[in-house]
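This report refers to the structure that appears directly beneath it.
Read the figures in this text as sums done on the coordinates, not as results from a lab. Quick caveat, the model's predicted, so the values are computed rather than measured. Backbone-built Cβ (ideal geometry, glycine too); neighbour counts: all protein chains shown.
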Amino acid sequence: MLRELATDGRAVSHVLGVVLVVAVVLAGVVSIVGFGITGLTDSTADLSDTAVERDLTGIAGAIDSVTVDGASAAGTTTVELSTGDLAESRDRVTVDGTAGTLTVAVRAGDTERELANTSLGVLEYENPGSNARIAYQSGLVFSAPDRGATPAVVRSNAFSHRTVDGVSSLTLPVIRVEGQTRLDQRLVVTAGVARNRHPGVLVGENGTDADEVVLRVDSAYSAGWALALRELFPAEQTTISRTGATVEVVYDVPPTGLFLHLYRHDVRLDGR
C-alpha cells in the first residue's frame, strides 16, 4: 500500500498544476502592471506636450501684445510657465537666437533686390520621452511628434495679405527672439521699437519696379512654414517650393501693384 502511494503521480500532478496556475497569474499581473506603467508614461508625456503647447501659445500672445499689437512701442510683460512643474530639469524651453533666417526681396525680370535679411531665433522644447518637438518662431507655434514629421501649425502669426477695392497689401511683422538659453517658471518678454524695413511702399504699378515679391525662410521648421505661408498667399498668384530647410515663396505682384509693409521687432526673453 505504501509502495503504491509512493509511485502514484496524481499528487505530483496536482502540485505542478498549482505552480502553473500561479505562474500564469503572475505573468498576467506583470503584463498588466507593465502595460499600465507604459500607458502612464505615455499619458504623462502627452500631458507635458499639451502644457508646453499652451505655454508657447501664451508666450506668442504675450510677445504680440508688446510688438504687433503695441503700436510699435517698446514694452515688457511677464508670462508664468507650467513646464517647470511638469518636466525634469533637462526638459525646459530653450532659446536659440541664431536659428532660422527670413529674407524678403523684389524681382524685376532677372534682377532681384533684397529688402530684408534677418535672423529669427527660436524657442524650442523637445520631449526626451516621446521625441515630440514644440517650437515658437516669429509668431508661429509648431508641434511635431518627432524630428522627421511635418510640424502642425498650432498658432498662426500676424502676417497678412488683403485685397480691398482692388488694392492688395502684404504686411509682414517679423519677430526676432534672443535671450536666456534655458527658461523655467517665469518668462520676462522685452520688446524694442519696431524697425521699418519697407514702410508701406507701393511695389509694381507706378511704384518700385518689380514683378514678383520673393520670401525665403530657412528653418528647421520649414515644412511648417510652408503650411502657414500657403494659407497666407492667394494660390493663383503664388508658387511655393521647399528644399530641405528652405522654403521659398514667389508672389506675382498684381497689375495694380502691392503695398508692402515690412518691419521687424527685436524681442529679448529672460526668466528663471
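Points to keep in mind about this one:
- With one equal scatterer per alpha carbon and no solvent term, the Debye-computed log10 I(q)/I(0) for segment 93-170 at 0.12, 0.23, 0.24 1/Å reads -0.52, -1.10, -1.13.
- Distances between placed amide hydrogens fall under 5 Å for GLN185 paired with ARG272, all partners being 5 or more residues away or on another chain.
- Residues VAL249, VAL167, ranked from the fewest to the most other C-beta atoms within 10 Å, line up as VAL167, VAL249.
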